[in-house]
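See below for the structure under consideration.
The values are calculated or read from the model by the stated rules, or taken from the named source; none is laboratory data. Predicted model only: the values in this text are computed from it and were never measured. All Cβ positions, glycine included, derive from the backbone under ideal geometry; neighbour counts span all protein chains shown. Note: areas computed on protein heavy atoms with side chains; ligands, DNA, RNA excluded. Shrake-Rupley method; radii C 1.70, N 1.55, O 1.52, S 1.80 Å.
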Amino acid sequence: YAVWNEFLDKSTRTPFYFVDAHLEPYKGKTRDDLRLAQTKVLIAAMAKENTKQLPVIYAGDYNSNRDNADQSKYKGGFDAPLKAFTAVGVPDAITIASHLVHTIFNSANQAVNPPYKYGDHVDHIYVSPDIRVNSLSIVLGPNGATGSELFRYAAPFASDHNPVQANVTVPGRPGEVG
């Protein structure tokens, strides 16, 4: 459940990979074990594909968050993608972003007005450690709206997810062209 491609920054000519994943839904240890296996397969596939050791941005719906690890609700549960990426030194962008915007809002909106404010995100952006995350936002309004400009969703909902947007700096690699 992932697609990827090698991209080239137009101005710097820096190549990098972008991966878009969608892992299995639902909570509980059995599903977390499945997501752990899926994430490990994803990481291994990218390691095999990425013969030039280019920076990688892994984004998508990982269907996992800190709530999965709430033992009072999901005995044996855990945040599987976070565990797999952490094991190979790939951080969640939200933990290293220099600036956060609206991250108290959930990335999944469940078609609820106004959106939930628990800060639980099933949608994540994981980045190679050499990528700098300048900002990360949960997008709630048009054109990066903030404060009073935030809008209440109109039905029908376009998606059951709020977009997660990151501004990143991919390190230059002089002389490399993808």
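The amide H of Phe7, built 1.01 Å from its N in the peptide plane, has Phe16, Tyr17, Phe18 as neighbours under 5 Å, considering only residues 5 or more places off or on other chains.
What shape does the chain take by its C-alpha gyration tensor, where a ≥ b ≥ c are the square roots of the eigenvalues and a/c under 1.5 counts as rounded, a/b above b/c as prolate, and the rest as oblate? Don't skip to the end; give the middle numbers.
Details: a/c = 2.06, a/b = 1.21, b/c = 1.71.
Oblate, since a/c reaches 1.5 and b/c is not below a/b.
With the whole protein complex present, Val3 retains an accessible surface near 100 Å², based on a 1.4 Å probe.
Can you tell me how segment 55-106 classifies by the Cα gyration tensor, rounded, prolate or oblate, using a/c under 1.5 as the rounded cut? It would help to have the intermediate numbers written out before the result.
On the way: a/c = 2.26, a/b = 1.34, b/c = 1.69.
Verdict is oblate for segment 55-106.
Put a dot 7 Å past the Cα of Ala44, heading toward its Cβ, do the same for Asp70, and the two dots end up 3.3 nm apart. Computed over protein heavy atoms with a 1.4 Å probe, the carbon and sulfur contribution to the accessible area of the chain reaches 56%.
Pairs Lys27/Lys48; Lys27/Lys73; Lys10/Lys48; Lys48/Lys83; Lys52/Lys83: which are spaced more than 18 Å apart, C-alpha to C-alpha? Over 18 Å Cα-Cα: Lys27/Lys48; Lys10/Lys48; Lys48/Lys83; Lys52/Lys83. Solvent exposure of segment 2-104 amounts to 54 Å² per residue of accessible area, where only protein heavy atoms count and the probe is 1.4 Å. Take the Cβ atoms of Phe18 and Thr86, set R0 to 22 Å, and the FRET efficiency comes out at 0.60.
The simple Förster model, with R0 at 30 Å and r as the Cβ-Cβ distance, assigns Asn5 and Lys117 a FRET efficiency of 0.30.
Output ³J(HN,Hα) for segment 104-115: one whole-Hz value per residue in order, computed from phi by the Karplus curve 6.51 cos²θ - 1.76 cosθ + 1.60 with θ = phi - 60°, and x for Gly and Pro. Whole-Hz 3J(HN,Hα) from phi for segment 104-115: 6, 7, 5, 7, 9, 9, 6, 6, 10, 10, x, x.
Taking a ≥ b ≥ c as the square roots of the Cα gyration tensor eigenvalues, with a/c under 1.5 meaning rounded and otherwise prolate when a/b beats b/c, else oblate, which class fits segment 1-73? Please report the intermediate quantities before stating the final value.
On the way: a/c = 3.29, a/b = 2.39, b/c = 1.38.
Prolate, because a/c is 1.5 or more and a/b exceeds b/c.
Using the Cα centre as the reference, give the magnitude of the dipole from point charges on the C-beta atoms of the chain (Lys, Arg: +1; Asp, Glu: -1; all else neutral), rounded to the nearest 20 debye.
Numbers: 17 positive and 18 negative charges, 47 e Å.
Once rounded to the nearest 20, the dipole reads 220 debye.
May I ask which residue of Trp4, Gln38, Gly28 lies farthest towards the positive end of the charge dipole of segment 1-42, with charges of +1 (Lys, Arg) and -1 (Asp, Glu) on Cβ and the Cα centre as origin? Result: Gly28, furthest along the dipole toward the positive end.
In the chain, a dipole from Cβ-located charges (positive for Lys and Arg, negative for Asp and Glu) runs towards its positive end, and of Ala84, Leu136, Phe105 it is Ala84 whose Cα lies farthest in that direction. Taking amide hydrogens as placed 1.01 Å from N in the peptide plane, the amide H of Tyr58 sits under 5 Å from those of Val19, Tyr126, Val127, Ser128, each at least 5 positions away in sequence or on another chain.
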